[in-house]
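One structure is given here, and the rest of the page talks about it.
The values are calculated or read from the model by the stated rules, or taken from the named source; none is laboratory data. All figures in this text were calculated on a predicted structure; none of them were measured in a lab. In this analysis, Cβ positions are derived from the backbone assuming ideal geometry, glycine residues included, and neighbour counts consider all displayed protein chains.
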């Protein structure tokens with residue numbers, strides 16, 4: 001049986017949407033700036049427009065097959081049963097809104113046909129995308145971590161999403177690895193996100209460079225000017241050129257991630273880790289120290305079968321996963 | 001339908017076994033010193049003797065009902081499918097041994113009837129005992145932590161044991177909360193077990209007392225004599241009498257536990273915690289700081305429904321849980 005779906009990744013700055021064929025993956029996609037000007041109902045209208053236009057453009061050969069529905073990954077707390085989205089970060093004017101119901105009604109009107117909508121937390125959708133189409137497809141069980149502005153996560157157990165009793169599972173970024181340490185983020189001390197979220201990496205690099213002026217890091221000029229002129233990409237490039245302080249930054253990022261993975265293995269017995277998000281572009285600079293730290297941080301009996309792999313779908317994972325949720 | 005089973009908790013010092021009625025719980029139990037003198041086969045013989053004697057003593061009214069089998073909780077790595085027990089701590093002379101098969105054969109010979117044996121890790125068995133007969137019976141999902149010489153754990157999801165892909169899940173004691181800290185245990189830095197295992201609590205108390213001689217703790221004499229003369233029970237009593245340094249010890253134990261629980265909630269969305277083991281006798285001295293630290297260590301969205309409760313079955317949880325596994 002062949003079928004297709006529309007997968008959407010609703011973000012604070014862009015809405016990315018794709019026509020996804022079960023067999024072939026993404027066959028068509030579009031991205032538009034998120035309309036944050038008129039609250040939830042504005043978003044519903046924008047989503048309905050986008051879906052209608054993708055529907056209209058879907059290739060004729062796909063239209064002969066079953067349409068499985070619309071999958072939507074969104075930031076914030078998603079109640080997959082009630083179809084609500086609560087307090088999405090970066091989307092002003094929301095509290096708890098029945099996004100699925102409103103979107104289904106708008107689509108009924110627009111397309112003159114019932115279109116089932118599945119909504120899911122965006123980090124979960126990305127993990128599920130990797131599970132079905134990406135780096136997780138050979139793993140029954142894995143944790144996906146997304147390294148970016150924040151540190152997000154999603155868990156796949158027995159090839160299905162593990163959402164937890166109230167749907168908020170997977171938040172590896174809020175595991176605590178340094179409970180008496182100096183780093184405080186979102187009011188909490190020593191979380192992984194508070195130590196290796198994008199801005200914290202830059203902060204740490206600048207601190208290291210200022211504290212070691214004799215080293216003459218390739219990044220000194222950028223740090224002494226202004227914090228905001230330095231990005232993880234600079235630190236990545238400098239590290240690849242051998243800059244010792246930049247290498248030390250990634251060593252620390254990887255170590256903290258490895259400590260977190262050790263906790264995941266101890267608690268859940270998950271031994272496969274898919275690492276994605278913009279920061280993961282640093283690749284081996286992060287993965288190698290993460291693996292070494294994992295080994296140092298676990299009993300030998302926990303080492304069997306451990307794998308850390310790079311995510312494969314980049315910023316399309318959310319669209320893939322949202323669509324794949326319709327195929328279940 | 002009524003039925004009964006025999007539940008066994010195989011430990012390094014004692015084998016505890018009970019006749020358990022599905023409805024009435026433990027109706028008869030015995031404890032004998034573990035025979036560690038002749039390896040796995042000695043244990044099998046000892047278990048078969050114990051089971052045969054309990055069988056012989058089971059009340060006549062029970063014998064009219066179905067016998068569901070023998071449940072056995074054991075320390076170390078248990079493969080519930082293969083029925084093997086590997087490297088049990090405190091049981092010398094074991095590598096990996098097919099305990100279930102040997103025990104079933106011995107029982108066939110002894111009882112002249114097939115007796116199905118279920119084996120399970122002891123911390124999981126204790127968690128399952130609390131789930132069915134104890135403090136977890138009103139929780140669909142919880143983590144049980146056992147505070148003793150080590151810090152063990154078991155996870156119940158949707159009223160079933162969560163064992164993880166290879167059967168080693170639940171090891172909250174090996175989550176890391178202080179990855180650069182001074183405490184190293186089993187070669188790993190900053191694990192929960194390495195900070196609040198029984199000996200570490202005593203060590204910390206002695207350090208605190210030596211570093212604050214002016215305080216005149218009620219425990220000073222015990223610490224200055226000899227490390228080993230101090231026990232958590234002393235620290236508990238002194239704290240209950242208001243000894244400031246002893247209170248600080250439990251404050252720290254609770255805080256570290258609260259940090260661990262925060263990680264469990266972030267990762268697994270589990271919000272119920274059952275706290276057992278000998279050290280948990282300190283009760284509110286641990287639970288209150290643990291709860292406060294949990295609140296400090298989590299986002300407000302993670303606070304809904306959080307409960308920390310004392311285990312109810314004490315050192316009978318393992319027998320209860322092992323038997324309950326036969327009723328599934």
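Scanning the range B:1-44 for residues that are buried (at least 16 other Cβ atoms within 10 Å of the Cβ), out of contact with any strand residue (DSSP E or B) (no Cβ under 6 Å at 6 or more places or on another chain) and either in a helix (DSSP H, G or I) or modelled with pLDDT of 95 or more (or both) returns B:43, B:44.
Report yes if some residue within the range B:110-126 is under 29 Å from residue B:239 (Cα atoms), in contact (Cβ under 8 Å) with a residue 40 or more places away in the chain and either in contact with a strand residue (DSSP E or B) (Cβ under 7 Å, 6 or more places away or on another chain) or at the interface with chain A (Cβ under 8 Å from one of its Cβ atoms) (or both); otherwise report no. Yes, that holds for at least one residue.
The residues listed here are B:267, B:208; of these, the one that is farther than 28 Å from residue B:134 by Cα and either at pLDDT below 95 or in a helix (DSSP H, G or I) (or both) is B:208.
Are any of the residues in the range A:249-261 surrounded by 21 or more Cβ atoms within 10 Å (Cβ to Cβ), away from every other protein chain (no Cβ under 14 Å) and either in a loop (DSSP other than H, G, I, E, B) or in contact with a helix residue (DSSP H, G or I) (Cβ under 8 Å, 6 or more places away or on another chain) (or both)? Looking through the range A:249-261, at least one residue is surrounded by 21 or more Cβ atoms within 10 Å (Cβ to Cβ), away from every other protein chain (no Cβ under 14 Å) and either in a loop (DSSP other than H, G, I, E, B) or in contact with a helix residue (DSSP H, G or I) (Cβ under 8 Å, 6 or more places away or on another chain) (or both). Taking (1) crowded, with 24+ Cβ neighbours inside 10 Å; (2) at positive phi in turn, residue B:277 satisfies each apart from (1).
In the set (1) in contact with a strand residue (DSSP E or B) (Cβ under 7 Å, 6 or more places away or on another chain); (2) more than 17 Å from residue A:122 (Cβ to Cβ), the condition left unmet by residue A:49 is number (1).
Within the range A:198-208, restricting attention to residues that are surrounded by fewer than 19 Cβ atoms within 10 Å (Cβ to Cβ) and either facing chain B (nearest Cβ under 8 Å) or in contact (Cβ under 8 Å) with a residue 40 or more places away in the chain (or both), the residue that is nearest to residue A:277 (Cα to Cα) is A:198.
Taken over the range B:180-197, the residue count meeting the criterion of being part of a strand (DSSP E or B) and either more than 7 Å from every other protein chain (Cβ to nearest Cβ) or buried (at least 22 other Cβ atoms within 10 Å of the Cβ) (or both) is 4. Only a single item in (1) under 21 Å from residue A:301 (Cα atoms); (2) within 21 Å of the chain's Cα centre (by Cα) is not met by residue B:71, and it is number (1). Residue count for the range A:151-179 satisfying the condition of being more than 15 Å from residue A:120 (Cβ to Cβ), surrounded by 23 or more Cβ atoms within 10 Å (Cβ to Cβ) and more than 8 Å from every other protein chain (Cβ to nearest Cβ): 1. Residue A:236 passes every criterion in (1) in contact with a helix residue (DSSP H, G or I) (Cβ under 7 Å, 6 or more places away or on another chain); (2) under 16 Å from residue B:264 (Cα atoms) apart from (2). Assess whether residue A:137 counts as being modelled with pLDDT of 95 or more, within 10 Å of another protein chain (Cβ to nearest Cβ), surrounded by fewer than 22 Cβ atoms within 10 Å (Cβ to Cβ) and over 17 Å from residue A:281 (Cα atoms). Considered against the rule, which asks whether it is modelled with pLDDT of 95 or more, within 10 Å of another protein chain (Cβ to nearest Cβ), surrounded by fewer than 22 Cβ atoms within 10 Å (Cβ to Cβ) and over 17 Å from residue A:281 (Cα atoms), residue A:137 comes out as no. Within the range B:299-320, the set of residues being within 14 Å of chain A (Cβ to nearest Cβ), in contact (Cβ under 8 Å) with a residue 12 or more places away in the chain and either over 27 Å from residue A:163 (Cα atoms) or in a helix (DSSP H, G or I) (or both) comprises B:302 only. Among the residues of the range B:262-298, the ones that are more than 23 Å from residue B:179 (Cβ to Cβ) and within 14 Å of another protein chain (Cβ to nearest Cβ) come to 3 in all. Taken over the range A:291-328, the residue count meeting the criterion of being under 19 Å from the mean Cα position of the chain (by Cα), within 17 Å of residue A:139 (Cβ to Cβ) and buried (at least 20 other Cβ atoms within 10 Å of the Cβ) is 7.
Taking the criterion of being within 25 Å of the chain's Cα centre (by Cα) and part of a helix (DSSP H, G or I), the residues of the range A:228-239 that qualify are A:228, A:229, A:232, A:233, A:234, A:235, A:236, A:237, A:239.
Residues in the range B:209-248 that are surrounded by 21 or more Cβ atoms within 10 Å (Cβ to Cβ) and closer than 30 Å to residue B:263 by Cα: 5 in all.
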